[in-house]
C-alpha cells in the first residue's frame, strides 16, 4: 500500500528531529567545554553534523517530496508543510556524489581547525615583567577598552592579532579553497555566492550592491568623524589599541554602576514582559560566565524547535550563552546585552507557529538577516534613553541620570557612521578572500588585503578586531554569514522607526511583542527576509533609517533622547516581569558548573567565580530561589545573578519556490493556554487600540549585535574567539529557565499573511 503524504511527513519529521536534537546537544557540550576529552567531544559533534548533512543533502529524499508535490495529494496544511520541507532540503541538497564527499571533507577540516583554535595558547605578554598571561579573546578585548596603560592595551591587541597567522597556519586557506570548489561544483561563482543564494535568496552581486550603497552613504560622515576624533585625542587615536579606550573607556566606568551584573536577568525579564513577549512554554538554559575551555562567543541554539506535533504544541528547548567576567567593569552591561540579544533569538524561535520543525530553524533556508533582526532589535533597547531611565539603576535604586545619558550620546553619536563601516569590514574582507585565485591566495596576500580593507572602511592604522580573529569565518555554518548583521542593522532601525512613528515609543510598548509575534515570528522561514520586513513596516528594506540615525548631529540626538524621557511620564508604568506572562518557569542552577570552574582555575589561571557577597546579593539569593520554585546555588556568581529573578523583584511597575506563509489569527492566544489566564488577560488588554500590528563599554554596532549562535559566533569586537570543547552528554550546566504551561488547544488557522519587514539572518552561534 502506498504511503500517504501525512505518514511520509510524520516519518520525515521524526527522523530529522532525532538527528537535529542529537547534533545540537553535542554542539552544546563541545562548545561549552563540558568534557574532559575535548577532542573526543569535537569528533562526536563532527559525526553528528555529517549525519544531519546527509539527511539534508539527500537527492533521493528531495525527489520523493517532489513526487508528492506533483501528485497534489493531501490537505492544504499538509501541502504547506510539504513545501516547507522542499524549501529546506532544496537549500542543502548536493546531487553530485563528488560534491557530497567534498562537503564531508570540508566539515572534517573545519572541525580540526576549530579544535586547534580552541586549544590555542592565547593571551598577552606583560610589558613590565615580560611574563605571558593566558587570556581569552573576551578578556583581551576588554583590556583594550578599559585598561589605562597603553602598553597593556597594545599587548592585548597583539594577542588578538596572533589569531590570524595561527588560523592560516592551521589550514584556513585550504578550507577556503575547498569551499570554493564546492560552490563552483554546485553552479555558483564561488562559495560566498552559493551561501548568499541559498540563505538570503539573492545573488552575491545583489547583496553587495546594498552594502556598497550603505558604505557610500556613510563614507563622508565617517571621514569627518575620525578627523575630529584625532584632533581631540592626538595622532595615537588611530591606533587600534587606543581607539576603543579613548572612545569609551572612561564612559564605560561611569556607566558600569548602573548595569549591575547581579540584576541583569531581572532587567531582561522585566523589559521583555513589558513588551508583551512570551516564550510560549520554552525551556531556556543560560550560561553567562566566561571560563576556560568555553566557546569565546555568545550564541543561541535550539536542540528542540517549536512547532505543532499534530494537534499538540511542542515548546522549544533553547540554550544560550555569553562570556561575562563577573566583577570586571562592563560585565553587567555585557550580561544584559547577551540576555537581550540571545533572548531576542529565543523569543523568535519559541514563537514559530507551524506544523513542522522545518520552519523553525536557524539554518538555510532561514535568512541570516531575518534571524539577526530579532536579536538586534531587542538589544538596541539598551541604548535608548527612556529604557535607561526606567531600567538602569545603581545599588541604591537611583536611575541613571540624564547627564550621564547625554554624556554617552556626546561620546558615541559622532562615530555612528564609523560603527556601520566597522560592521561592513568583515563581509567585504571575507568576499575578497573567496574571490582571490587559489594561486594568489597566499598568507601574505590575504593579510595585505585584510589590512587594505580595514584601512578603507575604518580609517584606522589597523582594524580594532583582526578579521581572521572573527570565528564566523572558520565554521561552515557561519561562514559567508556576517553580512546578515549589516542587513539586520538596517531592518532593526527600520522596525524601530515604524513603532516610533505609529506608537510614539518602543521601550515598554506592549504592542511590540504582539506585532513581532504576528509579523516576524509566527511564519518562521516561510517568508523571505524582505517580505517579512515589509509585512510589518509596509516598506521594502531600506538603509534610510540607519543612515539617518548615523547622520544626526549630537544636538539632534540629545533632543530626541530628552523627548523620549519626557514621554515616559505620560505613559502607564509597565506591568513588570511576570514570569507567567512570558511562559518562564523555575530558574535552576547546577552546582556542577561552580565545581567545574573551580577545577579549571589552577591550571588555566582563572579565578573562581565572584563571591555573591561582593556582588551585593548574597543575603537574599536563597530566599529568592525558593520563591521561584527552583533550586539556586547561592555560592556561584551565576546563582547570584539568577537569584534576583523572583516575582517580587520582577514586578517593577505594579512565490519563489518557498511555502506561502500562513495567517495566524491570534499568534499569542493559540498557545496561550500554556501561559495562564493572567497573561491572556494582560495581552488582550495591551493589544486594544493597537491592532495587530562578548562586556565592557557601551558597545559599537559591531559589538552590540554580535552574539548569535555558536555556529554563528558573536559579532562583537571582543567576541572574536574560537571554539570551546565538549563534554559527555548529560552534563548540563548553567541556569535553566523552564517555561512550563498548559498545552495549547489547537494549531493556528492558515491563510495569507500581510507584508512585513525582515532582518538579517541569525545563526545562533
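The values are calculated or read from the model by the stated rules, or taken from the named source; none is laboratory data. Keep in mind that what you see is a predicted model, and the values were worked out from it rather than measured. Cβ: placed from backbone, ideal geometry, glycine included. Neighbour counts: every protein chain shown.
Tabulated data for the structure shown
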quantity	calculated
Entirely in the range 1-99, the helices (runs of 4 or more DSSP H) that have 1 or more residues that are more than 29 Å from the chain's Cα centre (by Cα)	5-31, 59-71, 76-90
Any chance residue 448 is at pLDDT 95 or above, part of a helix (DSSP H, G or I) and in contact with a helix residue (DSSP H, G or I) (Cβ under 7 Å, 6 or more places away or on another chain)	no
Selection within the range 377-393 - assigned to a loop (DSSP other than H, G, I, E, B) and closer than 16 Å to residue 566 by Cα	384
Considering residues of the range 433-445 that are assigned to a loop (DSSP other than H, G, I, E, B) and over 19 Å from residue 480 (Cα atoms) only, the residue nearest to the chain's Cα centre (by Cα)	442
Failed item, numbered, when residue 109 is tested on (1) in a loop (DSSP other than H, G, I, E, B); (2) more than 15 Å from residue 38 (Cα to Cα); (3) touching a helix residue (DSSP H, G or I) at 6+ places or on another chain (Cβ under 9 Å); (4) modelled with pLDDT of 90 or more	(1)
Single condition residue 95 does not satisfy, out of (1) more than 17 Å from residue 360 (Cα to Cα); (2) surrounded by 15 or more Cβ atoms within 10 Å (Cβ to Cβ)	(2)
Failed condition for residue 211, given (1) closer than 29 Å to residue 371 by Cβ; (2) surrounded by 21 or more Cβ atoms within 10 Å (Cβ to Cβ)	(2)
Sole exception among (1) part of a helix (DSSP H, G or I); (2) over 27 Å from the mean Cα position of the chain (by Cα); (3) modelled with pLDDT under 95 for residue 155, by number	(3)
Of all residues making up the range 225-244, the number that are surrounded by fewer than 24 Cβ atoms within 10 Å (Cβ to Cβ) and assigned to a helix (DSSP H, G or I)	13
Residue within the range 318-333 that is in contact with a strand residue (DSSP E or B) (Cβ under 9 Å, 6 or more places away or on another chain) and surrounded by fewer than 24 Cβ atoms within 10 Å (Cβ to Cβ) present	no
Out of 149, 174, sole residue that is surrounded by fewer than 17 Cβ atoms within 10 Å (Cβ to Cβ) and closer than 19 Å to residue 472 by Cβ	174
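Residue by residue, here is whether (1) buried (at least 22 other Cβ atoms within 10 Å of the Cβ); (2) modelled with pLDDT under 95 holds:
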| residue | (1), (2) |
| --- | --- |
| 384 | no, no |
| 390 | yes, yes |
| 412 | no, yes |
| 427 | yes, no |
| 432 | no, no |
| 441 | no, no |
| 444 | no, no |
